[in-house]
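S.K.: Structure provided below as structure tokens; questions to follow.
Bear in mind these aren't lab numbers, they're just calculated from the coordinates by the rules spelled out. Given the structure is predicted, the values throughout are model-derived calculations rather than measurements. Every residue, glycine among them, receives a Cβ derived from its backbone with ideal geometry; neighbour counts consider all protein chains shown.
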Amino acid sequence: MIESAPRTVCWFSRGAASAVATKLTLASTPRALPVTCATGAEHPDNDRFEAECVAWFGSPVTRLQSTKYRDTWEVWEDRRYIAGINGAPCTLALKVIPRLDFQQADDIHVFGYTADAPDIARAARLREHFFELTIETPLIDRGITKAACLEMVTRAGLTLPVTYAQGFPNANCLPCPKATSPAYWALIRKHYPEKFARMAALARELDVRLARLDDERVFIDDIPDDQPVTSPIVPSCDFLCAIAEQDFREAQT
């Protein structure tokens, strides 16, 4: 009996970095599986970006969904917990549990962590917490930063999700309760006032101070009106992403 090769699963979060990591993996492993976890909380423009990525990948994206929760708000309201020292329950309910239900013991897991310091630290924590998994981080291995990913996606002819132009560093859920930067919450307040107001009310109800201002935890509606917001990341490509782009082209010939 011939044993089948382990699956390579590319965890595509519908942002630029995971798109590039998926494209790189498909270039070397054409049978890799792009998979995304639906959270019900992303900008609707992510659907358009995913469709463009499917054409770019030449492969469909498998979508996983929680069997219990429709979106992040349902998780927070049901659990009566938004975020804290143990993270956010929405991540577990909408991403980790669907992933655990889908994965196989010998899967190779590809994540789109970039070669920026915060992402390198996140990748290290992932490997520490899920030591039983085989994890690959092709962007870190190649020294590809988030700014490079933005440039590579644009040069490939795709239009980035609108949240990047708004100043957000990714295309994640809106809002993300794990964010503590007052600049992030000020940006949510600027572009998504209804979501900000809803989160502010829920945080007050549950007595959760999500933001950190001057080394002190504060409610997000205590953030000053003149709080500066984050600026968009400027796309920038160097010789490392040029080498990666060459790999894309060679795989297509």
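S.K.: When Lys and Arg each count +1 and Asp and Glu each count -1, what net charge do the other residues less than 11 Å away from CYS237, Cβ to Cβ, add up to?
M.R.: Here the count lands on -2.
S.K.: Let me ask you something else. Which of the helices in the chain, when you take each full DSSP H run, stretch at least 30 Å along the axis at their Cα atoms and have an average Kyte-Doolittle score of 1.6 or higher?
M.R.: Long hydrophobic helices here: none detected.
S.K.: Still on this structure, please answer the following. Across the chain, how many lysine pairs, 8 or more apart or on two chains, come within less than 23 Å at their alpha-carbon atoms?
M.R.: So the count of such lysine pairs works out to 11.
S.K.: Counting Lys and Arg as +1 and Asp and Glu as -1, what is the net charge of the other residues whose Cβ lies under 9 Å from the Cβ of CYS173?
M.R.: That works out to -2.
S.K.: Here's something else I'd like to know. Could you work out [θ]222 nm for the chain from helices alone, using -39500 (n - 2.57) per DSSP H run of at least four and dividing by all its residues? Round to the nearest 500 deg cm²/dmol.
M.R.: Mean residue ellipticity at 222 nm (helix-derived): -13000 deg cm²/dmol.
S.K.: Right, here's the next one. Ranked from highest to lowest mean number of other Cβ atoms within 10 Å per residue, what is the order of the peptides 156-163, 129-136?
M.R.: Result, highest mean first: 156-163, 129-136.
S.K.: Beta carbons within 10 angstrom, averaged per residue: use that to sort the peptides 230-240, 24-34, highest first.
M.R.: The densest-packed peptide leads the list: 24-34, 230-240.
S.K.: Which percent, nearest 5, of DSSP beta bridges in the chain are antiparallel?
M.R.: That works out to approximately 25 percent antiparallel.
S.K.: Looking at ILE223, ALA197, ALA211, which one has the Cα that reaches farthest to the positive end of the dipole of the range 182-229 (charges on Cβ: Lys, Arg +1; Asp, Glu -1)?
M.R.: ALA197
S.K.: Using amide H atoms built in the peptide plane, which far-off residues or other-chain residues are under 5 Å from LEU64 H to H?
M.R.: Under 5 Å from the amide H of LEU64: THR36, CYS37, ALA38.
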